[in-house]
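Worksheet: one structure, shown below.
The values are calculated or read from the model by the stated rules, or taken from the named source; none is laboratory data. This one's a predicted model, so the numbers in the text were calculated from it and none came from an experiment. Cβ: placed from backbone, ideal geometry, glycine included. Neighbour counts: every protein chain shown. Quick note on the areas: whole protein, heavy atoms, side chains included, nothing else; ligands and nucleic acids left out. Shrake-Rupley method; radii C 1.70, N 1.55, O 1.52, S 1.80 Å.
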Amino acid sequence: MSFSELFKLSGLLGRFSPDGKCLASCVQYRLVVRDASTLQILQLYTCLDQIQYIEWSSDSLFILCAMYKRGVVQVWSLEQPDWHCKIDEGSAGLVASCWSPDGRHILNTTEFHVSVNSSVLFSLFSLSLMNLGSLAGIAFTKDGRYMAVAERRDCKDFVSIFVCSDWQLLRHFDTETQDLFGIEWAPNGCVLAAWDTCLEYKILLYSLDGRLLSTYRAYEWSLGIKSIAWSPSSQFLAIGSYDEKVRILNHVTWKKITEFEHPATVASSKTIVYKEVEKSPSVETERLSFPPTRALASSLFSTQSKYDVSQVPVSLQHIKPVTDRANPKMGIGMLAFSPDNCFLATKNDNIPNAVWIWDIQKLKLFVVLEQLCAVQSFQWDPRQPRLAVCTGNSKVYLWSPAGCVSVQVPMEGKAAAGTSQAIIKHTGWAVPVTKQTPC
């Protein structure tokens, strides 16, 4: 693996363009666009205030910069650097902003959750959507043809489905939920999943025309759904819940076909457990010099690590959650399918230092990665079954069916104590790495 030189970055705002040709990054109120292959600066834009969110249009021709504190969105063009667009929400404020799939409309959520404005780059119109909580209540189909919006009116939950080509209302129906928490389309765009607040385990599956296909409830009278993920083929729906289990539903009957438990002890001899262990840094004698270079000094005093294969049974670090507080750190907080549909990666917040990788073809636990620090995020390579894991230190951890490796991200000077972005040399695959206090 090779790394670029370090670039300044604010708020982990670094994004590859959808076509993989450009890399956008933010330094306070400046937006920097680089060539993804050479990392040479292509464009430099100056915004009105500190940038808090950026997003590329689907065709990689435009990029929006949201400044929530000011209630303003600015849009920049790569083809016409002198052109720009400004959307000011004024006293209504701004909570979230995103592109529509066609790359020519921007949807803003206002601070008072009263309306969502859909702003065309060259004209303007609005959709009146009452009490929309945030953009978590908006979901587009993968092909960009339809948009689903979660609404709440007169103490009841509703879903509206719009045709994105002309923004006409296609269907409007109420959902059998107490307090609708989220919606997400299946990748094939045929089924919409809607799930209730965590106070009730309930997920509903609707067809494109608003028909209720199925309702699934695993249990009652306890904290319910925490996360969901569709498989890329739309054949499986994985539901992570507060009881530390993942349940897999099939797309034919929408019944549970299996459930994955996350115990504190891994006992199966068919499961590989990779344990991260620290190792002393080694430097070749020929490289030693006085005074040492910054890079050499950094490598000498940085903690390096590697993976060892542990013999089962293995006891993982388990944290007892504080149940009398809101949002307890328990249950399945993260889950994601690999792009080839073969693996599912999960994280149980009760066991924060572990990543669980399940074989979807065999419906069995395949690998457990036990880290030295709590897992902050993971992401699959979009082109192959390879998982990148971050734990908030200066390393990136990579797993594939061939094995796993710990990679030290080179840092120098002040950057080692701040925030950087490690750019992995694969199109469209970037992993934010935040330097934090050692755990």
Exercise for the section: Note down the net charge around GLU200, summing +1 for each Lys or Arg and -1 for each Asp or Glu among other residues with Cβ under 15 Å from its Cβ. Expected result: -3
Exercise for the section: Using Cα positions and a limit of under 15 Å, work out the aspartates and glutamates in reach of LYS279, with same-chain residues fewer than 8 apart set aside. Expected result: ASP308
Exercise for the section: Could you go through region 44-57 in sequence order and give the Karplus-derived ³J(HN,Hα) for each residue, using 6.51 cos²θ - 1.76 cosθ + 1.60 with θ = phi - 60°, rounded to whole Hz, and x for Gly and Pro? Expected result: 9, 10, 10, 9, 6, 8, 5, 6, 10, 7, 10, 7, 7, 6
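With all protein chains present and a 1.4 Å probe, how do LEU6, LEU369 order by accessible area, largest first? Write out the running numbers ahead of the final one.
Values: LEU6 60, LEU369 5 Å².
Per-residue accessible area, sorted high to low, gives LEU6, LEU369.
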Exercise for the section: Please give the net charge around TYR45, taking every other residue with its beta carbon less than 11 angstrom from that of TYR45, where Lys and Arg add +1 and Asp and Glu add -1. Expected result: 0
Exercise for the section: Could you calculate the contour length gain from VAL314 to ARG211, that is, 0.36 nm times the residue separation minus the distance between their Cα atoms, to one decimal place in nm? Expected result: 32.4 nm
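Report the local net charge at MET147: Lys and Arg +1, Asp and Glu -1, summed over other residues whose C-beta lies under 13 Å from its C-beta. Before the final figure, lay out each step's value.
On the way: positive: LYS142, ARG145, ARG171; negative: ASP102, ASP143, GLU151, ASP166, GLU184.
Once positives and negatives cancel, what remains is -2.
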Problem - Shape of region 175-252, Cα gyration tensor, a/c cut at 1.5 - result: oblate
